Amino acid sequence: MTLYGVGLGPGEADLVTVRGKAVLEDADVVYSPGRLSRTVALNHVDESKIGDLDFPMTKDEEKLRAAWKEAAAEIAPNARDGDVAFVTLGDPNVYSTFGHLRRTIDAFHPEVDLEIVPGVSAVTAFATAMGVEIEAGAGLSLREAASGASPTGPDRMILFKVTDAPATHEGLVEAGYDVTYGRRLFMEQGESVVTDDPADIDERDYYTLAYAEKEDLEVEQATAAFGTDDADGSEDAATDGEPVTDGGEVVDLERATGFEGGDCGGQR
Ligand SMILES: C[S@@+](CC[C@H](N)C(=O)[O-])C[C@H]1O[C@@H](n2cnc3c(N)ncnc32)[C@H](O)[C@@H]1O
């Protein structure tokens, strides 16, 4: 029998994957490490199936290890007799509490099978919520910016745990970044905020991230030619004068422009 780590996505009930929902519906017990993940899980399973686990808000590693051992000891017998799920917001493998549980189960209950169902992570959801495009070929770094920290270096960064936005903002602007903040993105609980003014979000809320991009970053997209060559010449720019039509139908961009690559590729 199996312990499933299920990613719930950023917080809206219908952003749980089809597979994640099926696993939750089939599980005998669904463990949740916190109030928000519990609320999302309750959209998919009856409250009688929810098993709450208590994790202390502390950095004391001894206390944390004790809590993880206790949680693993509670979960393991149920995972031997049936299927159980442990839910986390976002993806279970991205900055997640599930990692601690997985390692503790591996160490003390190696007979338990583990499977992970990925979820929509804030690492990717932020792009849609904040109208950002990470174009093919671009780099993107994930960092933490807790307690006013301002990590710098990469051209583009997504920063988690932005708990003191004004202080983080100061350091980032000084280092030459444009910054946008997103709070409670795609989340049913609380108000979603997208802003580039840190004063709008000066109250601490753990579910806050930032996207920082070097202000002098120059991105030359092949599609820029559509807007510049001539007023209606978007097709000409892409096809050396041949219209981008095929018997009256607009043909796909890949053929028209010579873009190559699969779902994640293509040249700029
Ligand atoms: C411990 S990490 C968990 C990440 C999660 N496992 C994921 O894949 O999205 C928590 C941080 O992720 C960011 N975060 C997670 N969900 C978010 C959301 N819906 N809106 C804004 N930020 C979010 C916040 O920066 C928060 O401090």
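Computed values, structure above
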quantity: Every residue from segment 42-68 that is more than 25 Å from the chain's Cα centre (by Cα), farther than 14 Å from SER32 by Cβ and surrounded by 15 or more Cβ atoms within 10 Å (Cβ to Cβ); calculated: ALA67
quantity: Residue check for ALA138: of a type in the set (A, V, I, L, M) and surrounded by fewer than 16 Cβ atoms within 10 Å (Cβ to Cβ); calculated: yes
quantity: Qualifying residue in segment 115-129 (condition: within 11 Å of the ligand (Cβ to nearest atom) and among the acidic types (Asp, Glu)); calculated: no
quantity: Residues (more than 13 Å from the ligand (Cβ to nearest atom) and among the β-branched types (Val, Ile, Thr)) located in segment 1-15; calculated: THR2
quantity: Extreme residue, farthest from GLY11 (Cα to Cα), among residues of segment 71-114 that are among the basic types (Lys, Arg) and away from the ligand (no atom under 15 Å from the Cβ); calculated: ARG80
quantity: Which numbered condition GLN189 misses (of (1) on the phi < 0 side of the Ramachandran plot; (2) away from the ligand (no atom under 11 Å from the Cβ)); calculated: (2)
quantity: Failed condition for ALA85, given (1) surrounded by fewer than 23 Cβ atoms within 10 Å (Cβ to Cβ); (2) in contact (Cβ under 8 Å) with a residue 60 or more places away in the chain; (3) farther than 22 Å from PHE160 by Cβ; calculated: (1)
quantity: Residue count for segment 145-193, restricted to those that are acidic (Asp, Glu) and in contact with a Leu (Cβ under 7 Å, 6 or more places away or on another chain); calculated: 1
quantity: Unmet criterion (only one of (1) more than 14 Å from the ligand (Cβ to nearest atom); (2) in a strand (DSSP E or B)) for ARG38; calculated: (2)
quantity: Spans of strands (runs of 3 or more DSSP E) in segment 73-189 with at least 2 residues touching a strand residue (DSSP E or B) at 6+ places or on another chain (Cβ under 6 Å) and of a type outside the set (A, V, I, L, M, F, W, C); calculated: 113-117, 141-144, 177-183
quantity: Any pair with Cβ under 6 angstrom, 6 or more apart, that starts in segment 94-114 at a residue that is touching a residue at least 24 places away in the same chain (Cβ under 8 Å) and ends at one that is part of a loop (DSSP other than H, G, I, E, B); calculated: VAL94/SER121; THR97/PRO33; PHE98/PRO92; ILE105/VAL112
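Here is a yes/no grid of residues against (1) touching a Gly at 6+ places or on another chain (Cβ under 6 Å); (2) within 14 Å of the ligand (Cβ to nearest atom); (3) under 19 Å from VAL123 (Cα atoms):
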residue: LEU142; (1), (2), (3): no, yes, yes
residue: SER147; (1), (2), (3): no, yes, no
residue: PRO151; (1), (2), (3): no, yes, yes
residue: VAL162; (1), (2), (3): no, yes, yes
residue: THR168; (1), (2), (3): yes, yes, yes
residue: THR180; (1), (2), (3): no, yes, yes
residue: ARG183; (1), (2), (3): no, yes, yes
residue: TYR211; (1), (2), (3): no, yes, yes
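A short reminder: the numbers here are calculations on the coordinates, not readings from a lab. Worth saying up front: this structure is predicted, and the values here are computed from it rather than measured. A quick note on method: Cβ atoms are made from the backbone with ideal geometry, for glycine too, and the neighbour counts reach across all protein chains shown.
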